[in-house]
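S.K.: Here it is, the structure in full.
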Amino acid sequence: MDSVKIGKYTFKSRLMVGTGKYPSNEVMVKALEASGAEVVTVAVRRVNLDRRSESLLDHIDLKKYTLLPNTAACYTAEDAIRTARLAREALDTDLVKLEVIGDERTLFPDNEALLVAARVLVKEGFTVMPYTNDDPIMAKKLEEAGCAAVMPLAAPIGSGLGIRNPYNIKIILETVKVPIIVDAGVGTASDAAIAMELGCDGLLMNTGIAGAKDPVAMARAMNLAVEAGRLAYLAGRIEKKLYATASSPLTGLIG
């Protein structure tokens, strides 16, 4: 499979996975393996970064996976910037999945504050991957701010509703040149395949895997779906038609 380049980083796997909501750390480790992911995201405000006592990070092979700290649960630009700086110092990485939440019930992003935080962090040398809504105008502004990728939601976080607005995603893909990583709302393998068939550069998911009855099996399914969707996109699907077209040739037949 072809690789995806995000800033100075290159990854073979186009599936990124989270570390929350698993029934146990043991299940999480097996699911990460089954997913084939290279990038694993961790919520900075929800893990023990100093490692003096047991931490989620003790269960992640840092020689195998690239950590993507995220600023989940931040509701202001200032809080998100502070959290990103903490992650850089504690985890020795300039990668950050930037989240600035605007509403506690829906967990939709506050895009004004997101753009403010993105501009500050880009100037400070971070490789910024912002979580935003599926707004092509905001996606373009984030690219212009210097973000290394844009991460539009497919549906609300943890909803499992799948790609609610594929048309907006398509417009974003036509408008923005940096990688587009669909984030949030993917519930099953077919959702992942659809996103990749649209031409998205990758997917980040957590609940769709961790919340499944069998997270390890679902991680494997998502892995295969991302690969299949990418291959289908590269292959180029047939044109949709209203009426039937014979699959066998109609000329040259013996009468």
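S.K.: Give the residue that is least open to solvent (accessible area, probe 1.4 Å), with candidates limited to residues of the stretch 62-83 that are over 25 Å from residue 110 (Cα atoms) and at pLDDT 90 or above. Please lay out each step first, then the result.
M.R.: As a first pass, look at the stretch 62-83 and keep what is over 25 Å from residue 110 (Cα atoms): 62-66.
With at pLDDT 90 or above added as a condition, the list becomes 63-66.
Details: 63: 200, 64: 98, 65: 22, 66: 45 Å².
Looking at residues that are over 25 Å from residue 110 (Cα atoms) and at pLDDT 90 or above, I get 65.
S.K.: Shifting gears a bit: Do we find a residue being in contact (Cβ under 8 Å) with a residue 12 or more places away in the chain and touching a Ser or Thr at 6+ places or on another chain (Cβ under 7 Å) anywhere in the stretch 121-133?
M.R.: So far as the stretch 121-133 goes, no, none of its residues is in contact (Cβ under 8 Å) with a residue 12 or more places away in the chain and touching a Ser or Thr at 6+ places or on another chain (Cβ under 7 Å).
S.K.: List pairs: first in the stretch 163-178 and free of Cβ contacts under 8 Å to residues at least 40 places away in the same chain and open to solvent by 40 Å² or more (accessible area, probe 1.4 Å), second among the small types (Gly, Ala, Ser) and in a helix (DSSP H, G or I), Cβ under 8 Å, 6+ apart or cross-chain?
M.R.: Between residues of the stretch 163-178 that are free of Cβ contacts under 8 Å to residues at least 40 places away in the same chain and open to solvent by 40 Å² or more (accessible area, probe 1.4 Å) and residues that are among the small types (Gly, Ala, Ser) and in a helix (DSSP H, G or I), the close pairs are 175/139.
S.K.: Name every residue in the stretch 10-20 that is closer than 15 Å to residue 149 by Cβ and surrounded by fewer than 22 Cβ atoms within 10 Å (Cβ to Cβ), in order of residue number.
M.R.: Passing the criteria: 10, 11, 13.
So that you can scan it fast, the table gives a plain yes or no per residue for (1) of a type in the set (Phe, Trp, Tyr); (2) open to solvent by 40 Å² or more (accessible area, probe 1.4 Å); (3) on the phi > 0 side of the Ramachandran plot; (4) at pLDDT below 95:
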residue: 85; (1), (2), (3), (4): no, yes, no, no
residue: 89; (1), (2), (3), (4): no, yes, no, yes
residue: 96; (1), (2), (3), (4): no, no, no, no
residue: 113; (1), (2), (3), (4): no, no, no, no
residue: 117; (1), (2), (3), (4): no, no, no, no
residue: 120; (1), (2), (3), (4): no, yes, no, no
residue: 125; (1), (2), (3), (4): no, yes, yes, no
residue: 129; (1), (2), (3), (4): no, no, no, no
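S.K.: Another question, if that's okay. Looking only at the stretch 27-59, count every residue that is part of a helix (DSSP H, G or I), of a type in the set (D, E, K, R) and at pLDDT below 95 and tell me the total.
M.R.: Final tally of qualifying residues: 3.
S.K.: Please count how many residues of the stretch 60-104 are of a type in the set (D, E, K, R) and outside any loop (DSSP other than H, G, I, E, B).
M.R.: Counting residues in the stretch 60-104 that are of a type in the set (D, E, K, R) and outside any loop (DSSP other than H, G, I, E, B) gives 7.
S.K.: Checking the condition of a type outside the set (Val, Ile, Thr), in contact (Cβ under 8 Å) with a residue 12 or more places away in the chain and crowded, with 22+ Cβ neighbours inside 10 Å, which residue from 109, 23 passes?
M.R.: Only one candidate passes the filter, namely 109.
S.K.: Could you grab me the full set of residues in the stretch 184-233 that are among the small types (Gly, Ala, Ser), over 27 Å from residue 174 (Cα atoms) and open to solvent by 30 Å² or more (accessible area, probe 1.4 Å)?
M.R.: Across the stretch 184-233, the qualifying residues are 211, 217, 221.
The values are calculated or read from the model by the stated rules, or taken from the named source; none is laboratory data. Everything quoted here is computed from the prediction, not taken from an experiment. Cβ sites come from the backbone with ideal geometry, for glycine too, and all protein chains shown count toward neighbours. Protein only, heavy atoms only, side chains kept; ligands, DNA and RNA dropped before computing areas. Shrake-Rupley method; radii C 1.70, N 1.55, O 1.52, S 1.80 Å.
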